[in-house]
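**Student:** Mind looking over this structure? Questions follow.
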Amino acid sequence: MARKRKPKLAVWKFASCDGCQLSLLDCEDELLAIAGAVEIAYFPEATRTRLKGPYDLSLVEGSITTPEDAARIHHIRRASKTLVTIGACATSGGIQALRNFRDVKDFVSIVYAEPSYIDTLEQSTPIAEHVAVDFELRGCPINKAQLVEVIAAFLAGRRPNTPEHSTCIECKRRGTVCVMVAAGTPCLGPVTHAGCGGLCPAYGRGCYGCFGPMEAPNTQAMSGAWKALGASEDEVMRVFRSYNAWSAPFRAESEAHEKEE
Amino acid sequence: MNQKLTLPPDGLERLFEVLKERGFTVVGPTVREGAIVYDRLASPADLPRGITDEQDGGVYRLKPRADGALFGYVVGPQSWKRFLDPPVKRLWRAERDGADFKIVPEEPDQETFAFLGVRSCEIHAMAIQDRVFTGGEHKDPGYEARRRSAFIIAVQCTVAGGTCFCVSMNTGPRSESGFDIALTEIVDAERHLFVVEAGSPRGREILAALDTRPAEADEMAEAEKRIAKAAAQMGRTLDTEGVHDLLMQNPEHPRWGEVAGRCLSCANCTMVCPTCFCSTVEDVTDISGDHAERWQKQDSCFTMDFSYLHGGSVRASTRSRYRQWLTHKLATWIDQFGESGCTGCGRCITWCPVAIDLTEEVAAIRANPPAGAESIKKGKP
Amino acid sequence: MIHPMVPEVRRIKRVYRENHNTVTLAVEAAEAAGPACLPGQFNMLYAFGVGEVPISLSGDPAEPGVQHHTIRDVGAVTRALTRLKRGDSVGVRGPFGSAWPIASCRGRDVVLIAGGIGIAPLRPAIYALLRERERYGEIALLYGARAREDLLFGEEMELWRGKYGVQARVTVDSAKWDWKGNVGVVTALLPRVRFDPAHAVAMICGPEVMMRFSVLELKNLGMEDRNIHVTLERNMKCAVGFCGHCQYGPTFICKDGPVFSFDRVRSIFGVREL
Amino acid sequence: MKTLEPILEEHPFFRNLEKCHLELVVGCAANVRFEAGQFIFREGEPADQFYLIRQGKVAIEISPPQGEPIIMQTLSEGEILGWSWLVPPYHWQFDAKAVELTRAITLDGKCLRKKCQEDHSLGYELLSRLVPIIGKSMEAARLQLLDVYGVKPRAS
């Protein structure tokens, strides 16, 4: 079955560190194949080419933090047949969503000499809060093998194999000994979405939850286990308040451990 | 009656050599990442000498032993299923050829294993998985080949762990059959030796190549004493009387909801269980779209995808997923395969990050059955 | 020995477009004299590069050299399958599973209740019954669908009605004003057909909720559990009892089902999230 | 003139009704016939009848403000049509239209209400026959709402 026309791929950036986009450029082995299979229509990190839409596949990195972004994402949605968000910023608001827990004006006045030049939204929010998203790829940063899988799945018309279960399953398949049970190291793996391959525990560290909440996270029980291993209320609050702080389950759990001020 | 023999600890060196000469890859216990795992071993030096494990719900720690015992611990986070039924494997590749395509099945790998240090509960676990993969109309040829060729060197348990309950499940601590060779380690101030017996012609043949001598009566008695000690040390018990009906008649017991409050649905229990056999498949393609593969991966009934059907999961609540796992393990497994799916190895208790204990869950359901289930409470049929 | 999860590549002999989202693929049968397929059994179909799904056999089991699969486009794999053309290749494993109890229908009335795509797995049973029509008493086919445009096998239904005296009744959940047929739940058709509940065999295939209320109505009419047969569905990956996904209480749908006599599943039929 | 009593007696709705009650009901009954496409009643009209269908098929329809009417249920031989005559304010909630030639017995709702008022045992008898039918039609409506045959897309 020969493809008639190469699908147009666009990569868009919103508030983010560019790390997830770079994962695509980092796909050395597959990059040529990708460039051969799709027409890269818009990808400022990689090429000056700017082709008009509509785009068959848009990869969106970053969160919505300004009024311009909030408008731009609607244009992108309209110009995209399939819209995939990549990375924690785009799927949960990212590390910059930490400001959502405070008044953004306070931050602005501390950080900037001329706060009046800053035009920002109160909150950093995921793309899916603004437009319909066809698929969300998790991670901070995303796993490049998963990104290739998503693109390959899109081209083949199949569902990507990016399971939503816990990271524990990846650790066990890999043969990693559980750091929580065997070393008493607090780990977020049991409530964290798979995708990294169980990276940190393989190096003897607890999971930081870079891939955000798994499909059915029991964050309350997780917090209990952390505290049993000696974590303080504050530590529990902080561990849920990182790259995916604004995702509903992690947000609720961190708020449950927030001390009254 | 099988002649029991005695093997000095340095006899293990010769055992490794003999096994390697016969083409076996020796797999056995070794220390890695703070636990005793099963891995390919070069020599007996890789065995965990003078180490024991302390286990309880959600806790596993290695501790030194005063003696130089090589097998003075119980079972770790892994089981032999890792080798007999690898957690991730490619089943086939397919290539597009115009409008057509062809499928190339994965070549079975030729590695034959000698498993050293297999415990009685683990021998039972293998027999349980045999029924799944080779006992029905359809057989998994890879599993069958690996299993048939595997040389089993059992080690009789002389200590029991904090989460062990093989006595309750009638699966140990002594291996009665299902091995090629069985070792009982005797280590004290005066001596360090193994009482050995063969369980198969293959085992006898290997033993004949080792420097053994007939076991003395006191050595055999000491071996028995140590096994009996392990039997008396069980960290847990599970009352199996009528457990099938108890669970089948209690699908709506409030305890399922209670345990769901603690359960992380992380799937660790199923991943460490030596009998859990569930898998999923992933059909993948490369970027060109001309090459496809199917991979089989170890899966768990605790995932949402496991029961996905037409727009949603059948078992959407953790309550129903925990119930599925426990009821399958202890009840419906008997309907399906004629025996319990639990060997009492205790891994699911130890490796649960929040220490959920199936023996405790069953006891709780038994202690408070709903009205009309009195006969089960008393353990009568 | 080849792993039972390796499909055989077979050619599509013909494609029948049944309605807006459903096609029937007639696939060449295995070259080797494979196991004969029984009414109610299913195959695993693999669309290249997309994936594999269980699909019931929907054709005449006695027709040599070909196996029919009626597929509704509901997801990525079924979408790919419904887009295949004559001459394309498809991966096939099977047939798997239990069969409708055709032999036990001899000398009795037969009630077939189909819901939605559930008509497809019942169609081989209808062929088998009509092949020896004289052996059976009344045959009633009650078929419920979502709407007129979703109905399947309309022309054949006329043939079964006219030539074989099947009491075929169709109902839809909702209809436009110009629909002249029945509207309502499928069980509302039960009082409108003749059969003797005391001497009948019922076969039901459809969504689980629809089967629950169908069983209830049949029992209200006095049918015994052992004479009621249902099909069950769960997620399925391997179809050969290895993957564990299709467990339904003590059964594996792939090996013990998909057809079950109701007395076998009665005790667990109503358990939620099983 | 042939009385309607034997016909009523045979209809499943009145089967095994006591003679004295049947006689009371007969007094409120009349034969009716509707051609295909003919409305039996329309939404909003006073509900002063109730029908025992003897032959044919009746569609219960609802007309959205825009677009074509939607059929929610059809009724056939042996079934009854309408219970709004029992429930204040005695107005039809739907349209009823004969899909094909339909013969029915109509019972005067006002007349029945009056007789039930006078004879509570008749009232109880009628209600105990009607309530299961109403219940069943509610159940059926709920099941139809479930859209069990619909295609449910996978949430991504």
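**Student:** Answer with yes or no whether B:Ser307 is surrounded by 24 or more Cβ atoms within 10 Å (Cβ to Cβ) and at negative phi. Please lay out each step first, then the result.
**Tutor:** Values: surrounded by 24 or more Cβ atoms within 10 Å (Cβ to Cβ): no; at negative phi: yes.
In short, no.
**Student:** Moving on to the next point. Return a yes/no flag: does region A:132-153 have any residue that is in contact with a His (Cβ under 6 Å, 6 or more places away or on another chain) and among the aliphatic types (A, V, I, L, M).
**Tutor:** Our first condition is that a residue be in contact with a His (Cβ under 6 Å, 6 or more places away or on another chain); within region A:132-153, this holds for A:138.
After this cut, where a residue has to be among the aliphatic types (A, V, I, L, M) as well, the list is none.
No, the conditions are met nowhere in region A:132-153.
**Student:** Of all residues in region C:218-256, count the ones that are part of a loop (DSSP other than H, G, I, E, B) and either within 11 Å of chain B (Cβ to nearest Cβ) or in contact with a Phe, Trp or Tyr (Cβ under 7 Å, 6 or more places away or on another chain) (or both). Talk me through it step by step, then tell me what you get.
**Tutor:** Narrowing region C:218-256 to residues part of a loop (DSSP other than H, G, I, E, B): C:221-224, C:232-246, C:249-250.
Now narrow it down to the ones that are either within 11 Å of chain B (Cβ to nearest Cβ) or in contact with a Phe, Trp or Tyr (Cβ under 7 Å, 6 or more places away or on another chain) (or both): C:232-246, C:249-250.
Count: 17.
**Student:** Could you count how many residues in region B:76-93 are of a type in the set (A, V, I, L, M, F, W, C) and in contact with an Asp or Glu (Cβ under 7 Å, 6 or more places away or on another chain)? Lay out the reasoning, then the answer.
**Tutor:** Our first condition is that a residue be of a type in the set (A, V, I, L, M, F, W, C); within region B:76-93, this holds for B:80, B:83-84, B:88, B:91-92.
Narrowing the set further to residues that are in contact with an Asp or Glu (Cβ under 7 Å, 6 or more places away or on another chain) leaves B:80, B:91-92.
Adding up the residues that qualify gives 3.
**Student:** When region C:186-209 is examined, which residues are found to be more than 28 Å from D:Gly56 (Cα to Cα), surrounded by 24 or more Cβ atoms within 10 Å (Cβ to Cβ) and out of contact with any Pro (no Cβ under 9 Å at 6 or more places or on another chain)?
**Tutor:** C:Gly206
**Student:** Name the residues in region B:332-347 that are part of a helix (DSSP H, G or I) and buried (at least 24 other Cβ atoms within 10 Å of the Cβ), would you? Break it down into steps so the answer makes sense when it comes.
**Tutor:** Of all residues in region B:332-347, those part of a helix (DSSP H, G or I) come to B:332-337, B:347.
Scanning region B:332-347 gives a single hit, B:Arg347.
**Student:** If we keep just the residues of region D:70-91 that are open to solvent by 10 Å² or more (accessible area, probe 1.4 Å), away from chain C (no Cβ under 14 Å) and at negative phi, which is nearest to the chain's Cα centre (by Cα)? Explain how you work it out, then say what you get.
**Tutor:** Looking only at region D:70-91, we keep the residues that are open to solvent by 10 Å² or more (accessible area, probe 1.4 Å), and these are D:70, D:72-73, D:75-80, D:82-84, D:86-91.
Subsequent filtering for residues that are away from chain C (no Cβ under 14 Å) retains D:82-84, D:86-91.
Filter again for at negative phi, leaving D:83-84, D:86-89, D:91.
Details: D:Trp83: 6, D:Ser84: 9, D:Leu86: 11, D:Val87: 13, D:Pro88: 16, D:Pro89: 17, D:His91: 13 Å.
Once the filter is applied, the top-ranked residue is D:Trp83.
**Student:** In addition: Please find, among A:Ile110, A:Ile95, the residue that is more than 30 Å from A:Val38 (Cα to Cα), open to solvent by 70 Å² or more (accessible area, probe 1.4 Å) and either touching a Phe, Trp or Tyr at 6+ places or on another chain (Cβ under 7 Å) or not assigned by TED's automatic domain parsing to the domain that holds A:Tyr42 (or both). Lay out the reasoning, then the answer.
**Tutor:** Numbers: A:Ile110 fails: either touching a Phe, Trp or Tyr at 6+ places or on another chain (Cβ under 7 Å) or not assigned by TED's automatic domain parsing to the domain that holds A:Tyr42 (or both).
Testing whether each residue is more than 30 Å from A:Val38 (Cα to Cα), open to solvent by 70 Å² or more (accessible area, probe 1.4 Å) and either touching a Phe, Trp or Tyr at 6+ places or on another chain (Cβ under 7 Å) or not assigned by TED's automatic domain parsing to the domain that holds A:Tyr42 (or both) leaves just A:Ile95.
**Student:** Got a sec? Which of C:Pro54, C:Pro7, C:Pro39 is within 14 Å of chain B (Cβ to nearest Cβ), open to solvent by less than 20 Å² (accessible area, probe 1.4 Å), under 19 Å from C:Cys254 (Cβ atoms) and in contact with a Phe, Trp or Tyr (Cβ under 6 Å, 6 or more places away or on another chain)?
**Tutor:** On the way: C:Pro54 fails: open to solvent by less than 20 Å² (accessible area, probe 1.4 Å); C:Pro39 fails: within 14 Å of chain B (Cβ to nearest Cβ).
Selected residue: C:Pro7, the only one of C:Pro54, C:Pro7, C:Pro39 that is within 14 Å of chain B (Cβ to nearest Cβ), open to solvent by less than 20 Å² (accessible area, probe 1.4 Å), under 19 Å from C:Cys254 (Cβ atoms) and in contact with a Phe, Trp or Tyr (Cβ under 6 Å, 6 or more places away or on another chain).
**Student:** Being open to solvent by 10 Å² or more (accessible area, probe 1.4 Å) and part of a loop (DSSP other than H, G, I, E, B) is the filter here; which residues of region B:149-170 pass it? Walk me through it before giving the result.
**Tutor:** Step one: filter region B:149-170 for residues open to solvent by 10 Å² or more (accessible area, probe 1.4 Å), giving B:149, B:157-160, B:162, B:164, B:166-170.
Answer for region B:149-170, where residues must be open to solvent by 10 Å² or more (accessible area, probe 1.4 Å) and part of a loop (DSSP other than H, G, I, E, B): B:Cys157, B:Thr158, B:Val159, B:Ala160, B:Gly162, B:Cys164, B:Asn170.
**Student:** Here's a check for you: in region A:216-255, which residue that is open to solvent by 30 Å² or more (accessible area, probe 1.4 Å), closer than 19 Å to B:Cys263 by Cα and among the aliphatic types (A, V, I, L, M) is nearest to the chain's Cα centre (by Cα)?
**Tutor:** Ranking the candidates gives A:Ala252 first.
**Student:** Shifting gears a bit: Can you name the residue in region A:123-132 that is in a loop (DSSP other than H, G, I, E, B) and surrounded by 21 or more Cβ atoms within 10 Å (Cβ to Cβ) and, of all such residues, is farthest from the chain's Cα centre (by Cα)?
**Tutor:** The selected residue is A:Ser124.
**Student:** Return yes when C:His3 is at pLDDT below 95, closer than 30 Å to A:Val150 by Cα and not assigned by TED's automatic domain parsing to the domain that holds C:Ala147 and no when it is not.
**Tutor:** Numbers: at pLDDT below 95: yes; closer than 30 Å to A:Val150 by Cα: yes; not assigned by TED's automatic domain parsing to the domain that holds C:Ala147: yes.
For C:His3, the condition - at pLDDT below 95, closer than 30 Å to A:Val150 by Cα and not assigned by TED's automatic domain parsing to the domain that holds C:Ala147 - is met.
**Student:** Next question, about the same structure. Scanning region A:198-215 for residues that are open to solvent by less than 20 Å² (accessible area, probe 1.4 Å) and not in a helix (DSSP H, G or I), which turns out nearest to the other protein chains (Cβ to nearest Cβ)?
**Tutor:** Of the residues in region A:198-215, the ones open to solvent by less than 20 Å² (accessible area, probe 1.4 Å) are A:198, A:201, A:206-207, A:209, A:211-214.
Those still in the list that are not in a helix (DSSP H, G or I) too: A:198, A:206-207, A:209, A:211-214.
Numbers: A:Gly198: 11, A:Gly206: 11, A:Cys207: 11, A:Gly209: 13, A:Phe211: 14, A:Gly212: 15, A:Pro213: 12, A:Met214: 8 Å.
So the residue we want is A:Met214.
**Student:** Which members of region D:45-64 meet the condition of being more than 14 Å from chain C (Cβ to nearest Cβ) and part of a loop (DSSP other than H, G, I, E, B)?
**Tutor:** D:Glu45, D:Ala47, D:Asp48
**Student:** Something else now. So for region A:23-38 (the condition being assigned to a helix (DSSP H, G or I), buried (at least 22 other Cβ atoms within 10 Å of the Cβ), within 18 Å of the chain's Cα centre (by Cα) and assigned by TED's automatic domain parsing to the domain that holds A:Glu149), does at least one residue qualify?
**Tutor:** Checked against the condition, which is being assigned to a helix (DSSP H, G or I), buried (at least 22 other Cβ atoms within 10 Å of the Cβ), within 18 Å of the chain's Cα centre (by Cα) and assigned by TED's automatic domain parsing to the domain that holds A:Glu149, region A:23-38 yields at least one hit.
**Student:** Please state which one of C:Phe260, C:Phe252, C:Phe242, C:Phe269 is under 30 Å from B:Cys278 (Cα atoms), outside the structural domain of C:Arg72 (by TED's automatic domain parsing), surrounded by fewer than 20 Cβ atoms within 10 Å (Cβ to Cβ) and among the hydrophobic types (A, V, I, L, M, F, W, C). Explain how you work it out, then say what you get.
**Tutor:** On the way: C:Phe260 fails: surrounded by fewer than 20 Cβ atoms within 10 Å (Cβ to Cβ); C:Phe252 fails: surrounded by fewer than 20 Cβ atoms within 10 Å (Cβ to Cβ); C:Phe242 fails: surrounded by fewer than 20 Cβ atoms within 10 Å (Cβ to Cβ).
Within the list C:Phe260, C:Phe252, C:Phe242, C:Phe269, the selection yields C:Phe269.
**Student:** Out of the residues in region B:84-99 that are free of Cβ contacts under 8 Å to residues at least 24 places away in the same chain and part of a loop (DSSP other than H, G, I, E, B), which is nearest to the other protein chains (Cβ to nearest Cβ)? Spell out the reasoning first.
**Tutor:** Just the residues of region B:84-99 that are free of Cβ contacts under 8 Å to residues at least 24 places away in the same chain, to begin with: B:86, B:97-99.
With part of a loop (DSSP other than H, G, I, E, B) added as a condition, the list becomes B:86, B:98-99.
Working: B:Pro86: 9, B:Gly98: 9, B:Ala99: 6 Å.
By that ranking, first place goes to B:Ala99.
**Student:** Please count how many residues of region D:54-69 are buried (at least 22 other Cβ atoms within 10 Å of the Cβ) and in contact (Cβ under 8 Å) with a residue 40 or more places away in the chain.
**Tutor:** The total comes to 2.
**Student:** Looking only at region C:162-214, count how many residues are under 25 Å from C:Asn227 (Cβ atoms), within 11 Å of chain D (Cβ to nearest Cβ) and among the basic types (Lys, Arg).
**Tutor:** Residues that pass the stated criteria total 3.
**Student:** So, B:Ala267, is that one touching a helix residue (DSSP H, G or I) at 6+ places or on another chain (Cβ under 9 Å), farther than 26 Å from B:Gln55 by Cβ and not assigned by TED's automatic domain parsing to the domain that holds B:Pro77 or not? Spell out the reasoning first.
**Tutor:** Numbers: touching a helix residue (DSSP H, G or I) at 6+ places or on another chain (Cβ under 9 Å): yes; farther than 26 Å from B:Gln55 by Cβ: no; not assigned by TED's automatic domain parsing to the domain that holds B:Pro77: yes.
No; evaluated as a whole, the condition is false for this residue.
**Student:** Does region A:167-186 contain any residue that is open to solvent by 50 Å² or more (accessible area, probe 1.4 Å), more than 8 Å from chain B (Cβ to nearest Cβ) and out of contact with any helix residue (DSSP H, G or I) (no Cβ under 7 Å at 6 or more places or on another chain)?
**Tutor:** Scanning region A:167-186 turns up no residue that is open to solvent by 50 Å² or more (accessible area, probe 1.4 Å), more than 8 Å from chain B (Cβ to nearest Cβ) and out of contact with any helix residue (DSSP H, G or I) (no Cβ under 7 Å at 6 or more places or on another chain).
The values are calculated or read from the model by the stated rules, or taken from the named source; none is laboratory data. In this text the structure is predicted, and so the values were computed from the model without any measurement. All Cβ positions, even for glycine, are placed from backbone atoms using ideal geometry, and neighbour counts span all protein chains on display. Only protein heavy atoms, including side chains, enter the accessible area calculation; ligands, DNA and RNA are left aside. Shrake-Rupley method; radii C 1.70, N 1.55, O 1.52, S 1.80 Å.
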